[in-house]
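Engineer: I am attaching a structure below and will ask some questions about it afterwards.
The values are calculated or read from the model by the stated rules, or taken from the named source; none is laboratory data. Small disclaimer: the values here were computed from a predicted structure and weren't measured. Backbone-built Cβ (ideal geometry, glycine too); neighbour counts: all protein chains shown.
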Amino acid sequence: MAEPEIPERFLEGYARILSEVAETGRRLTRDELETRRSLGREAAEAGHQLRALVRLHLSRTRTAWPRGAWDAAAGDAVLGAVEQTVDAFAEGFERAQRLTVRREEAARREFIDDLLYGRSDMGRLAERATRFGLRLSRAHAVAVAAGPEAYTESDAVPRSVEAAMLARFSGRKILLTTKDGRLVCIAPGSQPDVLRYFAKQAHAATDGHQVAVGRPHRGPGGVVHSYDEALEALGLAERMKLDDPVLYAADLLVYPVLTRDRQAMADLVRSELGPLREARGGAEPLLRTLSVYFDAGCVAAETARRLSLSVRALTYRLERIHQLTGSDPSDPVHRYALQTAVIGARLMDWPAKEL
């Protein structure tokens with residue numbers, strides 16, 4: 001595609017300056033330099049390329065070379081004027097570009113904040129989204145990665161993940177950013193491979209920290225919903241001690257279902273597990289024993305290994321739990337209520353918090 005023609009006004013007064021410099025040997029005045037900077041700024045705002053503008057100046061230098069500038073002194077003065085002119089022009093151009101970049105960054109950050117907080121008019125938000133490569137009329141899913149530290153978009157970890165994503169999916173409509181110190185990827189819900197790859201890259205870049213993926217939802221509000229699901233999955237993993245590298249909200253739906261009636265769950269936890277507070281050392285050691293026991297499929301030998309206990313010591317703990325609660329963890333009749341109560345205790349951070 002041919003480059004757009006550059007208007008002559010960006011060379012206004014240039015030939016005259018070269019002619020005067022050849023005659024007098026003077027340098028450009030402060031006003032002349034400021035004029036060159038202004039022209040450079042205008043050229044940047046008009047969307048022209050700096051390389052083409054420099055080439056235009058050099059071409060005009062050749063055609064407008066003053067007749068009296070063939071001796072060494074005059075020629076050296078003219079070349080000095082060319083250098084000053086191009087440098088001032090480029091300075092104005094680069095200032096305008098930096099200002100444009102800052103404006104774009106501010107607009108992008110404002111859009112991301114509005115999108116992930118669910119602020120702003122939804123119709124207007126959808127219009128703004130097209131500028132950043134998203135079509136919010138379709139379903140989107142969000143993945144969130146937490147790291148050992150808070151990140152901004154300019155940090156090395158987000159940049160490395162972004163580079164890997166762009167190299168793999170350069171033509172896809174995805175948005176990579178950071179929010180509240182976490183890495184965030186928004187992708188069409190029909191392209192789960194994008195979020196799987198993001199999860200792989202983010203898990204490695206954050207030294208093995210977890211990544212959560214929300215379910216696909218349609219519309220501007222759907223992005224917020226998926227983002228909230230991913231955040232909840234990360235919080236859930238911390239409370240439930242889940243160590244999966246990638247957490248999918250769709251696989252964790254049972255947990256919010258269990259806590260939908262928080263009062264009922266709190267009553268169950270107090271009823272089933274409250275007596276564990278009477279144990280030496282409090283409820284936490286025995287609660288952890290139950291949690292590991294259920295995670296190990298109620299296999300005593302495996303539970304003892306995970307807890308670094310002897311099978312005899314584990315058996316003593318299970319018997320103590322039976323004595324205190326009246327429920328036998330090894331009895332299928334009692335097991336479901338106990339396991340549900342253990343899940344509820346983790347979700348509600350009991351016994352650290354009173355219910």
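Engineer: Of all residues in the stretch 322-339, how many are crowded, with 16+ Cβ neighbours inside 10 Å and under 45 Å from the mean Cα position of the chain (by Cα)?
Structural biologist: 5
Engineer: Another question, then. Being modelled with pLDDT of 90 or more, more than 21 Å from L99 (Cβ to Cβ) and not small (G, A, S): is that true of E5 here? Break it down stepwise before answering.
Structural biologist: Details: modelled with pLDDT of 90 or more: no; more than 21 Å from L99 (Cβ to Cβ): yes; not small (G, A, S): yes.
It is false that E5 is modelled with pLDDT of 90 or more, more than 21 Å from L99 (Cβ to Cβ) and not small (G, A, S).
Engineer: Taking the stretch 258-276 as the search range and keeping residues that are small (G, A, S) and surrounded by 16 or more Cβ atoms within 10 Å (Cβ to Cβ), which one is nearest to R335 (Cα to Cα)?
Structural biologist: Top of the filtered list is G274.
Engineer: Another question, then. Could you tell me whether L53 is hydrophobic (A, V, I, L, M, F, W, C) and either crowded, with 19+ Cβ neighbours inside 10 Å or free of Cβ contacts under 8 Å to residues at least 12 places away in the same chain (or both)?
Structural biologist: Yes: the conditions hold for L53.
Engineer: Can you confirm whether A126 is at pLDDT 75 or above and among the hydrophobic types (A, V, I, L, M, F, W, C)? Quick ask: steps written out before the conclusion?
Structural biologist: Details: at pLDDT 75 or above: no; among the hydrophobic types (A, V, I, L, M, F, W, C): yes.
When the stated conditions are applied, A126 does not pass them.
Engineer: How many residues are more than 40 Å from the chain's Cα centre (by Cα) and farther than 25 Å from D349 by Cβ when one looks only at the stretch 278-313?
Structural biologist: Final tally of qualifying residues: 8.
Engineer: So, one more: Every residue in the stretch 236-251 that is more than 16 Å from A187 (Cα to Cα) and touching a strand residue (DSSP E or B) at 6+ places or on another chain (Cβ under 9 Å), please.
Structural biologist: L236, A237, P245, V246, L247, A250
Engineer: Restrict the check to the stretch 246-262 and report whether at least one residue is closer than 21 Å to A337 by Cβ and over 36 Å from the mean Cα position of the chain (by Cα).
Structural biologist: no
Engineer: Something else about it: Being free of Cβ contacts under 8 Å to residues at least 60 places away in the same chain, among the small types (G, A, S) and part of a helix (DSSP H, G or I) is the filter; apply it to the stretch 304-350 and report the residue that is farthest from K241 (Cα to Cα).
Structural biologist: My answer is A313.
Engineer: State all residues of the stretch 25-56 that are within 23 Å of L79 (Cβ to Cβ), of a type outside the set (A, V, I, L, M, F, W, C) and part of a loop (DSSP other than H, G, I, E, B); if no residue qualifies, say none.
Structural biologist: Within the stretch 25-56, G25, R26, R27, T29 meet the criteria.
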